Structure formats: structure tokens, C-alpha cells
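Structure, as C-alpha cells:
The values are calculated or read from the model by the stated rules, or taken from the named source; none is laboratory data. Not measured: the values here are computed from a predicted model. Quick reminder, even Gly has a Cβ in these numbers, built from the backbone with ideal geometry, and neighbours come from all protein chains shown. Just so you know, the surface numbers come from the protein's heavy atoms only, side chains and all, with ligands and any DNA or RNA stripped out. Shrake-Rupley method; radii C 1.70, N 1.55, O 1.52, S 1.80 Å.
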Amino acid sequence: MSKIQVTFNREKGTISRYIYGQFAEHLGRCIYEGVWVGTESDIPNHNGMRLDVVEALKAIQVPVIRWPGGCFADEYHWKDGIGPTEERATIVNTHWGGVTENNHFGTHEFFELCKQVGAEAYVNGDVGSGTVQEMQEWVEYMTMDGVSPMSKLRRENGQDDPWKVKFFGVGNESWGCGGNMRPEYYADLYRRYQTYVRQYTKEPLYKIACGPNIDDYHWMDVLMKQATPFMDGISLHHYALASKWEDKRPALGFPDEEWFSLIESAVKMDELITRHSTIMDKYDPEKRVGLIVDEWGSWLAVEPGTNPGFLYQQNTIRDAMIASLTLNIFHKHADRVHMANIAQMVNVLQAMILTEGEKMIKTPTYYVFELYKNHQDATVVDTDGIISDTASYTVSKKDGMMTASFCNYSLTEAETVTLSLVDGSFDEAEAYGIVGKKTDDHNSFENPNAIVKQAFKDFFVEENELRITLPPMSVISVYAKGK
Ligand code: AHR
């Protein structure tokens, strides 16, 4: 039995809604089939975007979408993706399966997707193989309101008004697929490229430098030392692995030890953020610069029989644990983590949604994002107490409503938690959750509702105490009004 004391009026910072961001790359069936089916498709769509997928994404209040990559971003030449669709350049997606990329989804389509979903745009620019001029012109094309060569071109392509680009990334994984650079070299390139990421709008463009791979603390130190004044955010990538990088383990039918090894790998996020933040504090003690975890999630073996370059993996109750405990870690570090983007939105890695032709299913990870919606832009509430070492939680408040979310990743033990409110009492409360019976419980096209969000009844409220019993393999959120 765990006891947690909650002091409603002791606030510990705000959880940016952008922590609930998504990542959508030109990779496998994420963009094509997953989001974009084209206007001529039999699959119901609006301006080429699947209606079912857009509806599902709207329901979880996706705040921001990162695009076009990933590794793809550093080979993406944006002019290939504008103008009449049939005349667009056909290229090879060298990173992801060597498949043909017809560029039917380009800049205009991306902003149409953001509009339909109600999300902000996070555009990732090409440093690896692109020129400064190309990046400068892309920003001008997207955001320039007045008269200029690029705003003229945009208007000729049917878009009068500039779009809003909230976030702009200057390169991706520049230490790897984005150019195999050393941090000293990239830091200089970053300073140069970002100079020409011009500000054409009143609202400042949030510029993101390419940060370290996992625990490359040297990279972080060099970048912060050389480029802090020129950046608003710096990225961090960390994927949860059940074994070594070269030995991707199956998403289904795995042994119990891989339940725990995957979780252990995900939990490393806490240490990574702590240590990277400590370095950032040296150069940015006010925490102006955000740590942007723009790729995270589980990376498992592809489903048998699928293209290894497409990174299509199933998604189970174990992935729901990864999502829940990682979001709890981000909440804890809300003062430094200003945005995060799970990889990836549809059909790739730890996806929200899987599609097969006209069919669509929501994954257990999707339901965690739905359960956690109320944490977006909420204030973290201070708590004291101990919870078992196979559980993790967040308590936050927004508009007088408390949301307490828990993840119990024990395979066998239920966990009873008593929340006791120090400065008030509970009024109305309701709870919802997802609960696994087997470690690889998942939704499939044959059985799409094996794991869905359900009302959860095993809790009890009396005055200032709320007692809840979390089943093994569960993610539960309680929403309670206070008095
Ligand atoms: O998300 C898949 C890939 O993982 C991205 O393209 C790349 O940035 C990372 O290595």
C-alpha cells in the first residue's frame, strides 16, 4: 500500500502541451497510406487526408506534428514537393526501404494536415544535404506575408496567406544520418544556417538545434557552449530497446524478461534528461532553452513479412507502459522539457494508429495519450510519499480539476495507492484506464477493441482521501474535482 500526500497549492511548473507532440516522417506507411491517401482514393478523405485518422488524432488533441523527418529531412529538397502534384519530382527514399517517393505530400499538404488535426507545425530543415539558401527560401516560402520571390511562388501554387511555423529544426541527427558530423563542426554550421532562418512574422520562430544521441554528453556540452544564444531548443533522441540496438526484439510473443528490459531502457530517459539538463544549466541557468525530445518510444522488430525499411511494429499493453512512464518522466522535468514527439504517428515504430487499406485501429499507446489529455498545459502538483518501484505517476491540476495518472507495470501485483489531499477535499471523481491480461495484449484488424479505454471503478473517495487499486499491467487516470 502506497501513500501519497498531495498539496494542491504547491505548484511545480507547467506541463507544456507540446510534450504530447507527434512525429510523422516520410517513412514506410506513415505519411503515405497512414495519413495521405490522395483526393482520388476510395478511402474517405478530405483534401487527401484520411478522415478516420484525422478524427482519431483530433480526439487526443495532438498539439504539434514534426515533419518531414527524421533522416528523411536531411535529404528532403522542399521544392520537389510543391506545384501541380503530377509534375512533382519522383525520387528515391534512400533511408527507408529505397522506395519511390512521388512527393505528392509536400509543404502544402503538411499544413493542410496540421489544419485538419488542429496541430502546430514543427518543420525540420535539411542541413545534411541542403544549402543555406534552400533552407532560407523554405522559411520565406512558408512564412513571408509581403512581396518576395518565395511568397510569389507560394501564391502561384494556390496559397495566399503565409502559414504559421511554430517550430523549426536545423538538421536532424547531424551526428549520424544527418551528416556524420562532429559537434564542433555542426555547432558552427548551426550558427550559420540558423542566421538565415529569418523571422517574417510577429510571433517568434522557435529554432531547434540538433542535440545529442542518447548519452552523448560531449555533444551537448559543445553545442551549448558554442551556440546557446542562437537557439531556443536543442533536441534529444532516445528509443527504448528490449535488447541491443543490432538485435531488435519482437513486439509480440516476447518473454517476460523483455517486458522489463524494454521498460528499463525507457526509464533511462529520466537519467538522460537529468544529466543533459545539468550540462544545459551551466550555460543556461534560467532554463530558457528547451530540451526537445523529438524522437522517443519503443523500437522493436518489424512485423514478420513486412519491409524491414518500413519499421512497422505492433503495439501492446507493454508499449502503453512505455508511453505512460515516459510521459510521467517528461512531466517531472517540465521545467526543461518543452516539447516531445513520439515516434511515430501512424504505422511506424510506437504508433498511435495502425492502418491496413481502409481499416484503422487505435493502439494501446493511443489510449494513454487519450487518458493523459488533461495533463496538457496543467500544473504539476507537489506530492510526497513513496510508490512501489514498478509504478509511476503524475498529479496535475487544471481549472480546479485534479488529474492523477498511474502506471503499474508489475506483471503480477496490484498496487493500492492512497492520495491524501493536504489542503482540501475531493468532490466528484471518475477514473478510466486500460488494463492488460497478457503481456502482449494488443489490438489487431481482426480484434480492434481488445485494449480500449474503459471506465475504472476500483477506487474510493472520502473527504480528503482517494484510494485506488491499480491492477498489474495497467494505466489509470483519475479525474477529481477539489473543494
Ligand atoms: O524514427 C526513425 C528514425 O530514427 C529517424 O528518421 C531518425 O532521426 C532516427 O534515427
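Among the residues of segment 125-163, those that are touching a residue at least 60 places away in the same chain (Cβ under 8 Å) and touching a strand residue (DSSP E or B) at 6+ places or on another chain (Cβ under 9 Å) comprise Gly125, Val127, Met135, Trp138, Val139.
Residues in segment 120-141 that are of a type in the set (S, T, N, Q) and open to solvent by less than 10 Å² (accessible area, probe 1.4 Å): Asn124 alone.
Pull up segment 167-185, narrow it to residues that are part of a helix (DSSP H, G or I) and touching a residue at least 40 places away in the same chain (Cβ under 8 Å), then point me to the one that is farthest from Ile19 (Cα to Cα). So the residue we want is Glu184.
Look at segment 265-292: where a residue is assigned by TED's automatic domain parsing to the domain that holds Arg66 and a partner is hydroxyl-bearing (Ser, Thr, Tyr) and not in a helix (DSSP H, G or I), sitting 6+ places away or on another chain with Cβ atoms under 6 Å, you get Ile292/Ser235. What are the residue pairs meeting all of these: first residue in segment 356-371, first residue of a type in the set (Asp, Glu), second residue surrounded by fewer than 24 Cβ atoms within 10 Å (Cβ to Cβ), Cβ atoms under 6 Å, and 6 or more apart or on different chains? Sorted first by the residue in segment 356-371, then by its partner, the pairs are Glu356/Phe445; Glu358/Ile43; Glu370/Ile60; Glu370/Lys453. Against the condition under 25 Å from the mean Cα position of the chain (by Cα), over 23 Å from Val170 (Cβ atoms) and small (Gly, Ala, Ser), how does Gly13 come out, does it pass? The answer is yes for Gly13. Can you go through Gly305, Gly309 and tell me which one is within 13 Å of the ligand (Cβ to nearest atom) and either in a loop (DSSP other than H, G, I, E, B) or surrounded by fewer than 22 Cβ atoms within 10 Å (Cβ to Cβ) (or both)? The match here is Gly309. Does any residue of segment 107-119 turn out to be open to solvent by 20 Å² or more (accessible area, probe 1.4 Å) and over 21 Å from Pro162 (Cβ atoms)? No, there is no match, as no residue in segment 107-119 is open to solvent by 20 Å² or more (accessible area, probe 1.4 Å) and over 21 Å from Pro162 (Cβ atoms). Just one of the numbered conditions (1) acidic (Asp, Glu); (2) within 16 Å of the ligand (Cβ to nearest atom); (3) more than 27 Å from Val64 (Cα to Cα) is not true of Glu258: (2).
If you check Glu413 against the conditions, is it charged (D, E, K, R) and more than 24 Å from Gln314 (Cβ to Cβ)? Criteria met by Glu413.
One line per residue, one yes/no per condition, for (1) in contact with a strand residue (DSSP E or B) (Cβ under 8 Å, 6 or more places away or on another chain); (2) within 30 Å of Pro364 (Cα to Cα):
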{"position": "Asn180", "(1), (2)": "no, no"}
{"position": "Tyr193", "(1), (2)": "yes, no"}
{"position": "Glu203", "(1), (2)": "no, no"}
{"position": "Pro212", "(1), (2)": "yes, yes"}
{"position": "Val222", "(1), (2)": "no, no"}
{"position": "Ala227", "(1), (2)": "yes, no"}
{"position": "Leu252", "(1), (2)": "yes, yes"}
{"position": "Pro255", "(1), (2)": "no, yes"}
{"position": "Val267", "(1), (2)": "no, yes"}
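Reported count of residues in segment 93-104, each being away from the ligand (no atom under 16 Å from the Cβ) and surrounded by 19 or more Cβ atoms within 10 Å (Cβ to Cβ), is 1.
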